[in-house]
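For reference, the structure is listed below as structure tokens.
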Amino acid sequence: MAGFVDRMLSLDRRWIFLFVLVSVATPIILPIGLPVTTSGSTRAAFEYIENLKPGDYVWLSFDYGPSSAPENDPMAEAFMRQCFLKRLRVIVTALYPLGGLGLANTSVARIAAEFPDLKYGEDYVNLGYKDGAAAVMRRLGQDISGAFPTDQSGTPLSRIPMMQGIHDIRQVKLVFTAATGLIGEYWITQVHSQVGTPVIIGPTAVSAPKYYAFLNSGQLEGMLSGMKGAAEYEKLLRAAYPQLATFYRTTKGFTATKGMDGQTVIHTVILVFILLGNYAYIRSRTAKKRGADG
Amino acid sequence: MSLDPLGVWIAAFLTLACLSFLYKDNPFFRFAESLFAGISLGYYIGIVLNQTLMPNLIEPMRTDFALNWDLVVPGLLGFMLYMRFVPKVGWVSRYALAIYVTYYIGLDFTRRIHGEVLPLMGRTMLPLTRLDAHTLVSATFIVGVFSVLVYFFFSKEQGPVTRRVSRVGIWFLMISFGAAFGFTVMGRVALLIGRLNFLILSWIYPTLGIS
């Protein structure tokens, strides 16, 4: 046993990296299909969107970059699918500078292709990127065209039919921000607190603990916490919309539900490593103490 | 949406170059790191120019200067920031920077007080008049907030009572750090899943002809 403890304490960390790599890659090659349970914050978000009426304006902000796309992409795309099925009018923006707009353009094109009967400018619009996050949100409370005079391709808002019926963000029934970093917080503290527009956030898992405080204080209508939250949301969508159940079962694209297999496997592996590491540490400390006493 | 094969190979090479750092530092990793830094800066300049400066500043002044003449002021302030690169008139940039900083202090002050401090303080002031499950949660909440505040009170040396209370605060902090660590692991693993998903399903499988 002493040999095992010594080996554990002097193990080259690269062996652990390799073990993690194999543990994450295996469920991608051989999917397991482990079940996902839903949490209250995700159900609250889903129900809030379900209760909106066709024609209501919703705001989707891509406030993340490629570095967190595996977590945020699935939630933003699932949100768009639910909105399009419910015939909500979606206004898309991107306030994250490094790649937010590129991801927004790609996701909007991908989801719009799934709903060929929807028209750009009537059912959804992509206003693009704007620098300054908090200052942009403050301006949205006064007038949208002040912050976004054109859509992302340069068409003035006055020539976009669905933007004729909306002046400022008070008329928007919901803001959904898929966010990394501080921009998600700005939507809560700038737009919700000062203008009153309801907000749902889909943060990265790293940011999620901070947002539970806002959720508990009633400043958020719901929250999707990282990849797990996105997988929960996909599950609720599959249950509510049979056409999406078929889509999520057959798609070859990346979904949060697929990613959760790897999450479960690697979390089990990490737990085992934590237990083994602590066992080895306690054993070595006890042995040292005995040596000192003896 | 199908991916461009050349783009997939470049992305796969750069992904492997970044992951190679886990084995040890090497020229491939340094190349990928430098490339990322350079491209990020170039992308940022391009996107701000095309998506912010053109539609919000240059185009409105070009199409109707009489209506948008006031945009000269923010445009000039932005230009003044770059004066710091001319040593003789570098002091000019400080005025623009002062206005910029002042604006964001004002914006952030109201945002923090109105959107963060007051609502979160309000959530902490909970009724303890009824005795049910909610009361227990509320009591735990209040004990947590109070003991953590005592732990972070550094203006007076801790006595026998405050030391015990701050000890309770440490427990609350440790539990919150544990939760944050768990979420961080989940977040980082999600990124690895995303990259491996790309490498296996978008690069290796098509290269080997596996559908």
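We did not get these values from a lab; they are worked out from the coordinates using the rules stated. These numbers come from a predicted model, not from an experiment. A quick note on method: Cβ atoms are made from the backbone with ideal geometry, for glycine too, and the neighbour counts reach across all protein chains shown.
Details
- When only the Cβ of Lys, Arg, Asp and Glu is charged (+1, +1, -1, -1), the dipole of the stretch A:40-254 relative to its Cα centre reaches about 220 debye.
- Seen through its C-alpha gyration tensor, with square-root eigenvalues sorted a ≥ b ≥ c, the stretch A:186-294 comes out oblate because a/c lies at 1.5 or above while a/b is not bigger than b/c.
- Average Cα contact separation per residue, the stretch A:5-157, under 8 Å, 6 or more apart, as relative contact order %: 18
- For the stretch B:131-211, averaging the sequence separation of C-alpha pairs within contact (under 8 Å, six or more residues apart) and dividing by the residue count gives a relative contact order of 24 percent.
- Relative contact order for the stretch A:40-254, counting Cα pairs under 8 Å that sit 6 or more residues apart, in percent: 25
- Peptide A:199-209, shielding by other chains (average Cβ, 10 Å cutoff): 4
- Note that the stretch B:1-70, at 10 °C in a medium of 1.306 mPa s, gets a Stokes-Einstein diffusion coefficient of 104 µm²/s from its Kirkwood radius over C-alpha pairs.
- Shielding by partners - mean other protein chain Cβ count within 10 Å, residues of A:124-134: 3
- Rounded if a/c under 1.5, otherwise prolate or oblate - the stretch A:57-170, Cα gyration tensor axes: oblate
- The phi-based Karplus calculation (6.51 cos²θ - 1.76 cosθ + 1.60; θ = phi - 60°) puts the 3J(HN,Hα) values of the stretch A:168-178 at 9, 6, 5, 7, 7, 7, 6, 10, 10, 10, 8 Hz, whole numbers, x for Gly and Pro.
- For peptides A:28-35, B:141-148, B:77-84, sequence by mean Cβ density within 10 Å, most packed first: B:141-148, B:77-84, A:28-35
- DSSP H segments from chain B that extend 18 Å or more along their own axis, Cα-based, with Kyte-Doolittle mean of 0.5 or above: B:5-19, B:27-48, B:133-151, B:160-197
- Mean projection area, nm², convex hull over Cα of the stretch B:83-159: 9.5
- Pairs from A:Lys119/A:Lys173; A:Lys130/A:Lys252; A:Lys173/A:Lys235; A:Lys210/A:Lys258 whose Cα-Cα separation, in the structure shown, is over 28 Å: A:Lys130/A:Lys252
- Take each residue of peptide B:44-52, count the partner chain Cβ atoms within 10 Å of its Cβ, and average: the result is 5.
- Annotation: the antiparallel percentage among DSSP beta bridges lying fully within the protein assembly as shown is about 5.
- Most simply put, the stretch A:40-254 has about 5% antiparallel DSSP beta bridges, counting only bridges with both residues inside it.
- Shape of the stretch B:54-211, Cα gyration tensor, a/c cut at 1.5: oblate
- Computed over the stretch B:131-211, the Cα gyration tensor eigenvalues convert (square root of 5λ each) into semi-axes of 49, 17, 7 Å, ordered from largest to smallest.
- The protein assembly as shown - Kirkwood radius from inverse mean 1/r over Cα pairs (Å): 25.8
- Cα pair count fraction exceeding 22 Å, expressed as % - the stretch A:40-254: 44
- Long hydrophobic helices in chain A, taken as whole DSSP H segments with a C-alpha length of 20 Å or more on their own axis and mean Kyte-Doolittle hydropathy at least 0.0: A:13-29, A:100-114, A:256-293.
- Order by protection proxy (mean Cβ within 10 Å, highest first), peptides B:4-16, A:48-60, A:95-107, B:125-137: A:95-107, A:48-60, B:4-16, B:125-137
- Filtered GluC sites (Glu not before Pro), the stretch A:62-152: DSSP coil and at most 14 other beta carbons within 10 Å: A:Glu122
- Summed over qualifying helices (DSSP H, 4 residues or more, each -39500 (n - 2.57)) and divided by its residue number, the protein assembly as shown shows a 222 nm mean residue ellipticity of -19000 deg cm²/dmol.
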